[in-house]
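Taking it in order: structure first as structure tokens, then the write-up.
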Amino acid sequence: MEYRKFSPQDAEIVVPTPRQKSSISVVGLGYVGAVSTACLASLGHRVVGVDLDQTKVDQIGRGQSPIHEDQLTEILSAGVEGGLISATDDLRQAVIDTDVTFVSVGTPTAADGGCDYNFIKLASDVMAQGLRDKEGFHVFAMRCSIPPGTTMKVMAPILEAVSGKVVGRDFGICFNPEFLREGVAIDDFHNPPKTVIGTTDFATAEIMRRIYAPVDDKPILTTIEVAETIKYVDNVWHATKVCFANEVGRLCKPLGVDSHAVMDIFTQDQKLNLSAYYLKPGFAYGGSCLPKEVRAVQHVASSLGVDLPMIGALEQSNTEQIQQAVEMVQKTGAKRVGILGLAFKPGTDDLRESPILEAMATLQQQGVELLAHDEAVTKDTPLDGLASYTKYGSQGLARLAEGLSDMLREDVDTVMAEADVVIVCHANDTYREAVQRHKDVPVVDVVRLFDAAPQDLAINGIGW
């Protein structure tokens, strides 16, 4: 079944009539469910906690936290005393009695290492029975950590089949990931790092926005699949940071360097180190610093007998990105390949360890003819003085140096006209416009020229 995609701008078009605060049922009273029940009630919502475990139901019903979490018992107790929190094991009735259902059931690891959907399926079946037996628009907000596609491929079909109703018309679905840290979950709820709402319809977006308005008046609205993915990506990134910091510590200790002092300074850089910079899928890293210094750190660690598997794998990951570009060209069967952008990044003529040169060298070895254009690199660009870089690094430049000037064309349109396929390595207006002028030329885009590529272009990217 096809579902209409949602864009943030759409939320401004259809706005439901304002009403009193939504009543909310929370399915699954584990860590996320218990915290959500308490905090949503503290915002003034009537909340019904639901679980098959009678012990948890009784605890929540008494205003007692089923987990150890700072302030949670006090907030639950206040909610119960104020008549805003109740608990039950009757999920069907809870759906009937509320406007929105937050789904926080368990998603343990399956035998094959994937995600076990059993609890989602069981809850969906009962929720659908409640949906079938009630009137009015109901929203189901999935909050579990699940593989992208699960909300619409597992939960939605069950809800539709059992209820006989249609998602997006009779009821709404969204994915609303939680970003709660154990120990400080209450504060994280009221001061969220971000609020993400992935949805398929405008009414659901507005209902969810109103729920979160007291704690975040600018939620991020996106598709369900993107919202599902960001939860995984966030946690893998956090795991990456832990491993990276630990490898820094293992490197620093035998050197007699205070690793905490190093990382204290490292984390003060909010412009590069802790920012969105470098965190968009694109082409491999290159230049005079990153490749050289990754190798240097590996060498220092090796000489100390220190194993740094994460840092040690960076070169392999980088090489794989270059190989992906080569394979994409190979699949086209092209004999003449154009390159738009030679330097390791736009705005410079620095060719040191430019990753595209490695791809070009590989293609040339396979008999492919190369022609190139770069806004800053010309036939007069000096390659003298790069010998020290090409001796043990920049092998692509070393193999191409002698014939590189002959590959260069002064006019980008010449490259487009003469090539069977073009690799675009710099994102700029010159190359965007050239690609659009030559619509029939296949393009391997390693830098994402367009947020959404025009449908009449034969363009393909590595990670998009």
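Label separation (K335 vs K439): 2.8 nm, computed from points 7 Å beyond Cα along the C-beta direction. Residue pairs exceeding 30 angstrom between C-alpha atoms, taken from K253/K345; K21/K134; K280/K439; K280/K331; K153/K241; K194/K331: K253/K345; K153/K241; K194/K331.
Out of the total accessible area of region 114-175 (probe 1.4 Å, heavy atoms of protein only), what percent is carbon and sulfur? Don't skip to the end; give the middle numbers.
On the way: 1220 of 2280 Å².
Summing carbon and sulfur atoms, their accessible area is 53 percent of the total for region 114-175.
Just the projected area, averaged over all directions, of the convex hull on the alpha carbon atoms of region 26-148: how many nm²? Over every viewing direction, the Cα hull of region 26-148 projects on average to 8.0 nm².
Going by accessible surface with a 1.4 Å probe and the largest first, H373, H299, H438 read H299, H438, H373. Excluding same-chain neighbours fewer than eight residues apart, the aspartates and glutamates reachable from K165 by a Cα-Cα span under 17 Å are E2, D99, D125, D133, E135, D201.
For the chain, the longest principal axis of the alpha carbon atoms and the long axis of helix 202-212 meet at an angle near 80°. Converting phi to 3J(HN,Hα) with the Karplus coefficients 6.51, -1.76 and 1.60 and the offset θ = phi - 60°, region 321-331 yields 5, 5, 4, 4, 5, 4, 5, 5, 5, 4, 5 Hz in sequence order, with x at every glycine or proline.
Excluding V233 itself, calculate the net charge of residues whose Cβ lies under 13 Å from the Cβ of V233, where each Lys or Arg counts +1 and each Asp or Glu counts -1. Within the 13 Å Cβ shell, the charges total +1. The chain has equivalent-ellipsoid semi-axes of 51, 29, 18 Å, by the square roots of 5 times the alpha carbon gyration tensor eigenvalues, sorted largest first.
Pairs of alpha-carbon atoms within less than 8 angstrom and 6+ residues apart define the contacts here; what relative contact order does region 112-223 have, in percent? Can you show the working numbers first?
On the way: 144 pairs, mean separation 25.6, N = 112.
For region 112-223, the relative contact order is 23 percent.
Just read off the accessible area of K379 with the full protein assembly in place, 1.4 Å probe, to the nearest 10 Å². Counting only protein heavy atoms, K379 exposes about 110 Å² to solvent.
Per-residue accessible area (protein heavy atoms, 1.4 Å probe) orders M208, M310 as M310, M208, starting from the largest. If R0 is 35 Å, the Cβ-Cβ spacing of R250 and T55 corresponds to a FRET efficiency of close to 0.20.
For Y117, Y277, Y232, Y431, the ranking by accessible surface with the largest value first comes to Y277, Y232, Y117, Y431, using a 1.4 Å probe.
Relative to the dominant Cα principal axis of the chain, helix 118-132 is inclined by about 50°.
Less than 20 Å from a label point 7 Å out along the Cα-to-Cβ axis of T348: which backbone N atoms in region 286-316 qualify, by residue? Taking a point 7 Å out along Cα→Cβ of T348, the residues of region 286-316 whose backbone N falls under 20 Å are 286-297, 315. Extending 7 Å from the Cα toward the beta-carbon at both V294 and M263 defines two label points whose distance is 2.2 nm.
Solvent-accessible surface of the chain, averaged per residue with a 1.4 angstrom probe and all protein chains in place: 50 square angstrom. Tell me the accessible surface of R132 in square angstrom (1.4 angstrom probe, heavy atoms of protein chains only), to the nearest ten. Surface open to solvent at R132 totals about 110 Å². Exposed loop sites were defined as GluC sites (Glu not before Pro) in DSSP loop states (anything but H, G, I, E or B) carrying at most 11 other C-beta atoms within 10 Å; in the chain the longest segment without such a site runs 136-409. If R0 equals 22 Å, the separation of the Cβ atoms of D90 and S23 corresponds to a calculated FRET efficiency of about 0.90.
When DSSP beta bridges are restricted to pairs lying wholly in the chain, around 5% turn out antiparallel.
Using only helices, what value at 222 nm comes out for the chain when you add -39,500 (n - 2.57) per DSSP H run of length 4 or more and divide by the total residues, to the nearest 500 deg cm²/dmol? Could the numbers behind the result be given before it?
Details: 19 runs with 198 residues, N = 464.
Mean residue ellipticity at 222 nm (helix-derived): -12500 deg cm²/dmol.
Work out from phi, with θ = phi - 60° and the Karplus expression 6.51 cos²θ - 1.76 cosθ + 1.60, the ³J(HN,Hα) of each residue of region 28-40, listed in order in whole Hz, and give x for Gly and Pro. Here the 3J(HN,Hα) series is x, 9, x, 4, 5, x, 5, 5, 4, 4, 5, 6, 5 Hz. Each residue of region 358-363 is assigned a 3J(HN,Hα), and the resulting list reads 5, 5, 4, 4, 5, 5 Hz, derived from the Karplus form 6.51 cos²θ - 1.76 cosθ + 1.60 (θ = phi - 60°), x at Gly and Pro.
The values are calculated or read from the model by the stated rules, or taken from the named source; none is laboratory data. What you are looking at is a predicted structure, and each value in this text was computed from that prediction instead of being measured. Cβ sites come from the backbone with ideal geometry, for glycine too, and all protein chains shown count toward neighbours. SASA here: full protein model, heavy atoms, side chains in, ligands and nucleic acids out. Shrake-Rupley method; radii C 1.70, N 1.55, O 1.52, S 1.80 Å.
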